[in-house]
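Here's the structure we're looking at; comments come further down.
The values are calculated or read from the model by the stated rules, or taken from the named source; none is laboratory data. Just so you know, these numbers come straight off a predicted model, no measurement behind them. Positions of Cβ are generated from backbone atoms using ideal geometry, with glycine treated the same way; all protein chains shown enter the neighbour counts. Please note that ligands, DNA and RNA were not included when accessible areas were found on the heavy atoms of the full protein model with its side chains. Shrake-Rupley method; radii C 1.70, N 1.55, O 1.52, S 1.80 Å.
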Amino acid sequence: MRLGVLDIGSNTIHLLVANARPGGRPTATTSHRTVLRLMRHLGPDGAIDAAGIAALVDAVTQARAKAAAEGVDELLATATSAVREATNGPAVIARIEEALGQPLQVLGGDTEARFTFLAVRRWFGWSAGQILLFDVGGGSLELAGGADELPDMADSVALGAGRMTWEFLPDDPPNDFQLEALRRHAASVLAPVAERFRTLPRPDHVVGSSKAIRSLATLAGYPVPGWSGIERMVLPRRELKAWIPRLARIPAEARQELPGITADRATQIVAAAVVLHQAMKAMGVEELEVSPWALREGVLLRYIESLAM
């Protein structure tokens with residue numbers, strides 16, 4: 001069957017269309033993205049403003065039309081941190097569902113981490129053993145760890161790249177005081193999380209799965225041979241740290257000229273790099289591998305499995 005996953009995130013609305021069947025690997029055929037940066041539409045009271053809601057409805061309407069044009073049999077619509085944490089979330093969800101013509105699944109942070117972990121586990125396979133996962137989104141950072149298909153531990157903290165850019169790095173480019181404030185904040189938030197995760201066995205593989213991490217790996221990482229001739233990227237913490245002051249010195253418009261940094265990520269990539277570096281440092285991680293599969297693939301896989309039950 002032909003499935004669509006509509007991921008309503010803090011930075012983008014992303015439609016992924018894939019051919020799928022029970023027991024088979026889903027094959028992506030179409031990807032359609034609209035950049036929203038919802039964090040810029042949050043008012044002092046934590047509500048998404050009228051312009052943000054209008055942009056959401058417009059983007060969802062376009063995605064629904066695109067899914068119909070692609071012959072999607074089932075559209076799986078999900079929303080993450082920006083919508084679930086907005087003080088006017090119920091009203092926003094009602095508007096989105098009206099535009100969709102169907103219910104919207106609002107994922108909690110732990111659920112988001114678990115879906116992403118499932119996708120990473122399937123990509124790397126059982127032989128990967130104990131996995132520690134990092135996923136830097138627009139509104140939150142998800143972490144998960146375990147040796148099975150679902151993680152033994154999962155957590156979500158409000159350290160997303162869009163949120164941290166809006167709250168700590170308002171200038172373009174940011175100054176040293178702003179960067180230091182973000183580092184201190186991230187370290188403080190991550191300290192108790194790292195303490196909990198240290199109770200897990202030492203990971204055999206540390207994996208990053210978000211678009212921001214893939215961009216940073218392209219910029220500061222290196223390729224290594226993968227399975228079936230598929231090249232995979234590795235991102236060392238040392239190289240990531242070295243790139244942070246270089247990224248911070250240049251404006252967003254110039255960052256998009258760098259390898260791996262797309263225009264829609266250029267504004268937030270400094271915050272993403274700071275948060276990821278602090279997460280790796282807190283967890284004692286020297287390098288991570290990049291997974292091409294993430295939340296959307298996890299949602300697809302879980303739905304495909306439900307068909308076989």
Quick check: anything in segment 80-99 touching a Gly at 6+ places or on another chain (Cβ under 9 Å), open to solvent by less than 30 Å² (accessible area, probe 1.4 Å) and of a type outside the set (A, V, I, L, M, F, W, C)? yes
Give me the pairs: first residue in segment 18-43 and open to solvent by 30 Å² or more (accessible area, probe 1.4 Å), second residue of a type in the set (Asp, Glu), beta-carbon distance under 7 Å, and six or more apart or on different chains, which are they? Val35/Asp264; His41/Asp49
Residue satisfying all of: in segment 106-123; closer than 18 Å to Leu76 by Cβ and β-branched (Val, Ile, Thr); least open to solvent (accessible area, probe 1.4 Å) among these: Thr116
Among the candidates Glu253, Glu287, Glu305, single out the residue that is under 21 Å from Leu132 (Cβ atoms) and open to solvent by 20 Å² or more (accessible area, probe 1.4 Å). Glu287
Could you grab me the full set of residues in segment 115-143 that are within 24 Å of Met39 (Cα to Cα) and touching a residue at least 40 places away in the same chain (Cβ under 8 Å)? Phe115, Thr116, Phe134, Asp135, Val136, Gly137, Gly138, Gly139, Ser140, Leu141, Leu143
Is there any pair linking a residue in segment 173-193 that is at pLDDT 95 or above to one that is among the basic types (Lys, Arg) and open to solvent by 50 Å² or more (accessible area, probe 1.4 Å), with Cβ under 7 Å and at least six apart or on different chains, and which? Pro173/Arg249
Flagged pairs (Cβ under 6 angstrom, 6 or more apart or on separate chains; first in segment 298-309, over 12 Å from Ala18 (Cβ atoms); second assigned to a helix (DSSP H, G or I) and open to solvent by 10 Å² or more (accessible area, probe 1.4 Å)) are Gly298/Phe115
In segment 149-166, which residue that is aliphatic (A, V, I, L, M) and under 15 Å from the mean Cα position of the chain (by Cα) is surrounded by the fewest Cβ atoms within 10 Å (Cβ to Cβ)? Ala158
Scanning for something of a type in the set (A, V, I, L, M, F, W, C), open to solvent by less than 10 Å² (accessible area, probe 1.4 Å), at pLDDT 95 or above and touching a His at 6+ places or on another chain (Cβ under 6 Å), does segment 129-148 turn up at least one residue? yes
Can you tell me how many residues within segment 90-111 are modelled with pLDDT under 95 and either among the charged types (D, E, K, R) or under 19 Å from Lys66 (Cβ atoms) (or both)? 1
Return the total of residues in segment 44-78 being touching a residue at least 24 places away in the same chain (Cβ under 8 Å), out of contact with any Phe, Trp or Tyr (no Cβ under 9 Å at 6 or more places or on another chain), open to solvent by 10 Å² or more (accessible area, probe 1.4 Å) and not in a helix (DSSP H, G or I). 8
For segment 258-309 the number of residues that are part of a loop (DSSP other than H, G, I, E, B) and either within 23 Å of Ile13 (Cβ to Cβ) or touching a strand residue (DSSP E or B) at 6+ places or on another chain (Cβ under 8 Å) (or both) is 16
Please determine whether any residue of segment 260-283 is at pLDDT below 95, on the phi < 0 side of the Ramachandran plot and acidic (Asp, Glu). yes
Considering segment 79-127, residues that are over 13 Å from the mean Cα position of the chain (by Cα) and part of a strand (DSSP E or B), and then whichever is farthest from Arg25 (Cα to Cα), we arrive at Val106
